[in-house]
Amino acid sequence: MASTTIDTETELSAVNAILGAIGQSPITGSVANNANPEVAFIYNMLRDANVDLQSEGWHFNTEKHVNYKQDTNNKIAVGNDVLKMDVTDGWAKRHYDVVKRNGYLYDKYDHTDDWSELTDGIDLDIVRLIAFEDLPEVFKRYIIYKASTRAATQLVGNPQLAKLLAQQEALARATVMEYECNQGNHSMFGLPEDSNYNAYQPWRSLGR
């Protein structure tokens, strides 16, 4: 029996989905350098919606205990793909208060980007911007609906269409939250990532 191949969303298919949502014809070729101003506008909407969503910080794009080391000038470069960052356990160890300035890590406590005092670098918890093609499918769909709602509002000006797309966006948001809860294994106990908590399970007593 032959297996079924299902293509995942790309930026091109996402732009075409948004175009279809507002009653426009699909395109072919590259979306990044498309000469059509409407397509370029929709592509920017897609990118904005992508950044807005990922900036919230989710299980798939949040990394903890990422070690950054200083360069030969005792500065620590921070990539453009870092949307948020904080010192690991910074709430308990308030030695630094970091932000990104001029592409480097800057300490607001000591008012400097010189990290010569560090010996083993510094551990940061970061929220990273992931390429659209590498996102979980539920997040791609939510971003498409989010951008479609904006396109219907700004390009078409159709209140009924915008309302319909907003309802689809809300449903997609609920699916995203379900995915996040299942994948994130979040706990109200605030347990470290490499530990777990086995709650009381009454059925074990009945099985004895």
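The values are calculated or read from the model by the stated rules, or taken from the named source; none is laboratory data. All values reported here derive from a predicted model rather than from experimental measurement. Cβ atoms come from the backbone with ideal geometry, glycine included; neighbour counts cover every protein chain shown. Keep in mind that these areas ignore ligands, DNA and RNA; they rest on the heavy atoms of the full protein, side chains included. Shrake-Rupley method; radii C 1.70, N 1.55, O 1.52, S 1.80 Å.
When the residues VAL176, VAL156 are ordered by accessible surface, computed with a 1.4 Å probe over the protein chains alone, the sequence from largest down reads VAL156, VAL176. Summing Cβ point charges (Lys, Arg +1; Asp, Glu -1) relative to the Cα centre of the chain gives a dipole of roughly 700 debye.
Apolar share of the accessible surface for the chain: 50 percent from carbon plus sulfur atoms, 1.4 Å probe. A straight Cα-to-Cα reach below 23 Å connects LYS64 with the lysines LYS75, LYS84, LYS93, LYS100, LYS108, residues fewer than 8 places away in its own chain not being considered. Taking all protein chains as shown and a probe of 1.4 angstrom, LEU135 keeps an accessible surface of around 10 Å². Estimated at the nearest 10 Å², the accessible area of TYR106 is 40 Å² with a 1.4 Å probe. Kindly express, to the nearest 10 degrees and within the range 0 to 90, the angle between helix 37-54's C-alpha long axis and the longest C-alpha principal axis of the chain. Tilt relative to the chain: about 30 degrees.
From the convex hull of the Cα coordinates of the chain, what is the mean projected area in square nanometres?
Values: hull surface 81.9 nm².
Its Cα hull, projected and averaged over all orientations, spans 20.5 nm².
A probe of 1.4 angstrom, applied to the heavy atoms of all protein chains, finds PHE41 with accessible area near 80 square angstrom. Sequentially through the stretch 150-164, phi angles give Karplus couplings (6.51, -1.76, 1.60; θ = phi - 60°) of 5, 5, 5, 6, 8, 9, 9, x, 9, x, 5, 5, 4, 5, 5 Hz, Gly and Pro residues having no value and appearing as x.
What separates the Cα centres of the stretch 89-123 and the stretch 46-73 is a distance of 17 Å. Counted residue by residue at 0.36 nm each, then reduced by the alpha carbon distance between them, the extension gain from TYR104 to GLN154 reaches 14.3 nm.
Among GLU38, GLU117, the order of accessible area from largest down is GLU117, GLU38, computed with a 1.4 Å probe on protein heavy atoms.
Charges only on Cβ, +1 for Lys and Arg, -1 for Asp and Glu: so what's the dipole of the stretch 1-76 about the Cα centre, in debye to the nearest 20?
Numbers: 4 positive and 9 negative charges, 58 e Å.
Around 280 debye, computed over the stretch 1-76.
Note the full-extension length gain between TRP91 and LYS64 as 0.36 nm times their separation in residues minus their Cα-Cα distance, in nm to one decimal.
Details: separation 27, 0.36 × 27 = 9.72 nm, distance 1.40 nm.
Net length gain for the segment: 8.3 nm.
The convex hull of the Cα atoms of the stretch 1-99, projected and averaged over all directions, covers 12.2 nm².
In the stretch 66-156, the C-alpha radius of gyration followed by the widest Cα-Cα span (Dmax) gives 17.9, 57 angstrom.
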